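Asks: What follows is a single structure, and I will ask about it in a moment.
The values are calculated or read from the model by the stated rules, or taken from the named source; none is laboratory data. What you see is a predicted model, and the numbers here were worked out from it, not measured in a lab. Cβ sites come from the backbone with ideal geometry, for glycine too, and all protein chains shown count toward neighbours.
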Amino acid sequence: MNYYRTIWISDIHLGTKACQSKYLLNFLKHNDSEKLYLVGDIIDGWALKKKWYWPQSHNDVIQKILRKSRKGTKVIYIPGNHDEAVRQFYNLRFSEIKILKEAIHKTKTGKKLWVTHGDQFDAFRRVTKILELIGDGLYTFITWINEKLNKIREKYKKNYWSFSSHIKSKISNVNEYISSYEKFMLRESKLKGCDGVVCGHIHRPSIKKMKDGIYLNDGDWVEHLSALVETKEGELKIIYWVKLEN
């Protein structure tokens with residue numbers, strides 16, 4: 001078991017076939033922390049409205065997180081745009097899990113980090129609901145290919161590999177969007193008097209030191225199978241859980 005001061009995970013998208021719940025369960029089994037931040041898009045309400053999909057493994061993820069909270073892990077849930085229905089419950093508790101709009105996390109080394117899902121940038125870019133849904137449809141198709149490809153790789157005992165991430169990395173508009181997103185989120189964190197930001201939303205794990213502070217994105221459990229962690233000494237790093245451990 002690996003023990004951390006803090007773990008951040010987001011963009012799990014429970015309720016979709018693209019969710020890599022088996023890998024996440026394995027990660028939660030082998031990693032524990034004093035604090036666990038759920039940084040949005042934990043459950044995909046958009047997908048569930050279209051078609052109900054909820055296998056046992058998705059229920060197991062919820063139960064595993066609840067068990068951690070009951071055993072003393074401080075769990076903080078910050079809803080995203082895909083689980084926006086939960087936003088009506090800000091400052092309430094679900095079992096031992098506290099639901100917040102945003103949080104300020106203080107690291108072991110004294111850094112103040114603004115923790116938020118990150119979909120504020122969509123409003124800044126004036127992304128309409130129709131365009132958002134069109135983009136979501138295209139993304140669903142790419143992740144469907146990703147899922148089929150990795151089933152074949154698993155059959156031949158090969159580690160997980162993100163086809164969808166590879167495709168997106170080759171598209172210049174995507175990279176330009178991400179660069180703008182990073183700068184926007186850091187500017188917002190500075191306005192809040194923080195040294196940096198922890199977010200999700202764009203499914204691109206990253207740790208970058210920039211002029212306005214440190215940008216941290218914990219990634220996702222659809223493409224990258226990643227989490228952001230803070231060690232007991234206060235070091236911040238990305239973990240990729242692409243191989244199932246016994």
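Asks: Test of understanding: among CYS194, CYS199, which residue is crowded, with 21+ Cβ neighbours inside 10 Å, touching a helix residue (DSSP H, G or I) at 6+ places or on another chain (Cβ under 8 Å) and in contact (Cβ under 8 Å) with a residue 40 or more places away in the chain?
Replies: From the options CYS194, CYS199, the qualifying one is CYS199.
Asks: Closer than 18 Å to TYR240 by Cβ, in contact (Cβ under 8 Å) with a residue 60 or more places away in the chain and either crowded, with 21+ Cβ neighbours inside 10 Å or in contact with a Phe, Trp or Tyr (Cβ under 8 Å, 6 or more places away or on another chain) (or both) - does that describe any residue in the stretch 65-82? Can you show your working first?
Replies: So in the stretch 65-82, the residues closer than 18 Å to TYR240 by Cβ come out as none.
Within the stretch 65-82 (the criterion being closer than 18 Å to TYR240 by Cβ, in contact (Cβ under 8 Å) with a residue 60 or more places away in the chain and either crowded, with 21+ Cβ neighbours inside 10 Å or in contact with a Phe, Trp or Tyr (Cβ under 8 Å, 6 or more places away or on another chain) (or both)), the answer is no, since none of the residues qualifies.
Asks: Here's a follow-up. Going residue by residue through the stretch 50-63, is there one that turns out to be among the aliphatic types (A, V, I, L, M), out of contact with any Pro (no Cβ under 7 Å at 6 or more places or on another chain) and free of Cβ contacts under 8 Å to residues at least 40 places away in the same chain?
Replies: No.
Asks: Also, quick follow-up: So if I check each of GLY118, GLY80, GLY110, which one is small (Gly, Ala, Ser), out of contact with any Asp or Glu (no Cβ under 6 Å at 6 or more places or on another chain), assigned to a loop (DSSP other than H, G, I, E, B) and closer than 19 Å to ILE178 by Cβ?
Replies: One residue alone meets the criteria, GLY118.
Asks: Would you check if there is a residue in the stretch 44-52 being buried (at least 22 other Cβ atoms within 10 Å of the Cβ) and over 23 Å from TRP114 (Cβ atoms)?
Replies: So the first thing to find is which residues in the stretch 44-52 are buried (at least 22 other Cβ atoms within 10 Å of the Cβ), and the list is 44.
Remaining after also requiring over 23 Å from TRP114 (Cβ atoms): 44.
The answer is yes, given that some residue of the stretch 44-52 is buried (at least 22 other Cβ atoms within 10 Å of the Cβ) and over 23 Å from TRP114 (Cβ atoms).
Asks: Tell me which residues, restricted to the stretch 47-77, are among the hydrophobic types (A, V, I, L, M, F, W, C) and under 29 Å from ILE104 (Cβ atoms). Let's see the steps before the verdict.
Replies: At the first step, the residues of the stretch 47-77 found to be among the hydrophobic types (A, V, I, L, M, F, W, C) are 47-48, 52, 54, 61-62, 65-66, 75-76.
Scanning the stretch 47-77 gives VAL61, ILE62, ILE65, LEU66, VAL75, ILE76.
Asks: From TYR23, TYR37, which residue is touching a residue at least 24 places away in the same chain (Cβ under 8 Å), assigned to a helix (DSSP H, G or I), touching a Phe, Trp or Tyr at 6+ places or on another chain (Cβ under 6 Å) and not hydrophobic (A, V, I, L, M, F, W, C)?
Replies: TYR23
Asks: Of the conditions (1) at pLDDT 95 or above; (2) under 17 Å from the mean Cα position of the chain (by Cα); (3) of a type in the set (A, V, I, L, M, F, W, C), LEU186 satisfies every one except a single condition; which number is it?
Replies: For LEU186, the failing item is (2).
Asks: Shifting gears a bit: Kindly list the number of the only condition in (1) hydrophobic (A, V, I, L, M, F, W, C); (2) closer than 21 Å to ASP41 by Cβ; (3) in contact with a strand residue (DSSP E or B) (Cβ under 9 Å, 6 or more places away or on another chain) that fails for ILE214.
Replies: (2) is the only condition that ILE214 fails.
Asks: For the stretch 31-70, enumerate the residues that are of a type in the set (Ser, Thr, Tyr) and out of contact with any His (no Cβ under 9 Å at 6 or more places or on another chain).
Replies: Start the filter on the stretch 31-70 by keeping residues that are of a type in the set (Ser, Thr, Tyr), which leaves 33, 37, 53, 57, 69.
Scanning the stretch 31-70 gives SER33, TYR53, SER57, SER69.
Asks: Going by the conditions given, is LEU236 surrounded by 15 or more Cβ atoms within 10 Å (Cβ to Cβ) and farther than 20 Å from ASN159 by Cβ?
Replies: So LEU236 fits the description; yes.
Asks: Okay, moving on. Quick check on my filter: what residues within the stretch 83-122 are more than 14 Å from the chain's Cα centre (by Cα) and touching a residue at least 60 places away in the same chain (Cβ under 8 Å)?
Replies: ALA103, ILE104, HIS105, THR107, LYS108, THR109, LYS111, LYS112, LEU113, TRP114, GLN120, PHE121, listed by residue number.
Asks: To continue, here is another question. Out of the residues in the stretch 204-237 that are aliphatic (A, V, I, L, M) and within 13 Å of THR6 (Cβ to Cβ), which is farthest from the chain's Cα centre (by Cα)?
Replies: The first filter runs over the stretch 204-237 and keeps only residues aliphatic (A, V, I, L, M), leaving 207, 210, 214, 216, 222, 225, 227-229, 236.
Among the residues that remain, those that are also within 13 Å of THR6 (Cβ to Cβ) are: 216, 227-229, 236.
Working: LEU216: 11, ALA227: 7, LEU228: 9, VAL229: 12, LEU236: 16 Å.
Residue satisfying both the conditions and the ranking: LEU236.
Asks: So how many residues does the stretch 90-103 have that are outside any loop (DSSP other than H, G, I, E, B) and surrounded by fewer than 13 Cβ atoms within 10 Å (Cβ to Cβ)?
Replies: Count: 1.
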